[in-house]
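Laboratory data are not the source of any read-out in this text; all were calculated from the coordinates shown. Not measured: the values here are computed from a predicted model. Cβ sites come from the backbone with ideal geometry, for glycine too, and all protein chains shown count toward neighbours.
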Amino acid sequence: MPREEQFELQPELTGVALAYRNKNLIADEIFPTVPVDQKSFQYNFYNKESFLTVPETEIGEKGSANEAQLKCKLLTETCKDYALKERIPVQRQQEAQAKGKNIAADTIMHLTDLMKLSREVRIAKALSNKTVYGSNCKELTASEKFLNDDYNAFKAITSAMDKVLFRPNVLITSRAGFSALSQNPYVVSAVNSVDVKAGVASAEGIKRTLGLDKILVGEGIVNTAAKGQAASFNSCWGNDVILMHINPIATTDYGVTFGYRATLDDYTVGSYFDPDAGTKGCDVYRIFTTYLDLMTCPECGYLLKGVA
């Protein structure tokens, strides 16, 4: 059996994992990475009460300036560990190398994709929870679906944006949600500055009209069937629209944002040799990471639930 001391870090394969991107997954853009230096760490949590008091800023000729201090809560959280591994028979690796293929790199990209998909599912589930947003949530009725030509989806979006503590700069939705949004006549008219009853508004046009930095459309697909049942593939993201203020330079100490990914260890790859597996043994590759996705100011978000 392999011994723990045989586990070796693989810098080149770690680079493969860190460089890997799946354009269909959007979690990395929703919760940007913020480094932390310990597994348990402290961070500032903000709510509406944090911003109610305006400090006196006028100062006398020989006076002392008031100290700016937000009434945020200092909370403690702990990062979680995530990992996956896969065995590659030595004989298979030798055959691949003879053909000029790097099967280990391909394996790490596959494992990284699964790790990112797992995170996508967790975040999508968390952000679809109505209780996260407090009063910043509206569940649409059947007559309020964006595909209803008589419903003013543009007004629904702008009204929601006006209720968020810091004006949203990102819109998040699924493919079905974006289709409903982009085909709503009121949205098409607002984007094209003309009264129309049909057509499609582009993502760039919607972004520009609403004054957003990004529109993120989650394209991730996951099998939701129970083990042993026939596969059932569904979108990671529900038919919702989420409006959110994301501050890309926020840290655990400063900056108000809906949330971020507090990261102790980013994706790292290591391996060890298992002589008892297969005919010639197997190289076992493990990818691991330690982080925690945090919602640090839920008041910076608004959920329009069930738009399609």
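Dipole magnitude of the chain about its Cα centre, charges +1 at Lys/Arg Cβ and -1 at Asp/Glu Cβ only, in debye to the nearest 20? Numbers along the way, then the final one.
Working: 34 positive and 37 negative charges, 172 e Å.
For the chain, the charge dipole is close to 820 debye.
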Nearby aspartates and glutamates by direct alpha-carbon distance to LYS80 (threshold 19 angstrom, same-chain neighbours under 8 apart not counted): ASP28, ASP37, ASP113, GLU120, ASP265, ASP266, ASP293
Modelled FRET efficiency - R0 41 Å, LYS62 with LYS39, Cβ distances, 0.05 increments: 0.30
Contour excess over end-to-end distance, with Cα ends at THR158 and GLN94 and 0.36 nm allotted per residue: 17.1 nm
Sum of -39500 (n - 2.57) over DSSP H runs of 4+, divided by residues of the chain (222 nm, nearest 500): -8000 deg cm²/dmol
Candidates ASN184, ASN136, ASN234, ranked by Gaussian network fluctuation over the chain, Cα under 10 Å, top entry: ASN234
Mean Cβ neighbour count within 10 Å, used as a protection proxy, ranking 290-302, 110-122 highest first: 290-302, 110-122
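Relative contact order for the range 123-264: what percent, with Cα pairs under 8 Å and sequence separation of 6 or more?
Answer for the range 123-264 is 26 percent.
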Sorted peptide list for 96-103, 146-153, criterion being average Cβ within 10 angstrom, highest first: 146-153, 96-103
Among (i) 63, 42, 40; (ii) 116, 41, 33; (iii) 71, 65, 34, the entry that matches Cα extents along the principal axes in Å as calculated here: (iii)
Shape of the range 59-149, Cα gyration tensor, a/c cut at 1.5: oblate
Bridge type composition, the chain - antiparallel percent by DSSP, nearest 5: 80 percent
Added length on full extension, which subtracts the Cα-Cα distance from 0.36 nm per residue, VAL194 to ASP149: 14.6 nm
Nitroxide proxy distance, nm - points 7 Å out along Cα→Cβ at LYS23 and ALA83: 3.4 nm
Rounded to 10°, Cα long-axis angle of helix 153-163 versus longest principal axis of the chain: 90 degrees
Ranked PHE31, PHE273, criterion: other C-beta atoms within 10 Å, fewest first: PHE273, PHE31
Nearest-ten-degree value, helix 103-127 long axis tilted from longest Cα axis of the chain: 30 degrees
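How would you order 162-169, 128-135 from highest to lowest mean count of nearby Cβ atoms within 10 Å? Spell out each step's value before the answer.
Details: 162-169: 17.2, 128-135: 13.8.
Most protected by this proxy first, the peptides run 162-169, 128-135.
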Cβ-based exposure ranking for LEU13, LEU216, in which fewest neighbours within 10 Å come first: LEU216, LEU13
The chain, relative contact order [Cα under 8 Å, separation at least 6], %: 32 percent
DSSP bridge orientation in the range 104-262 - percent antiparallel, rounded to nearest 5: 60 percent
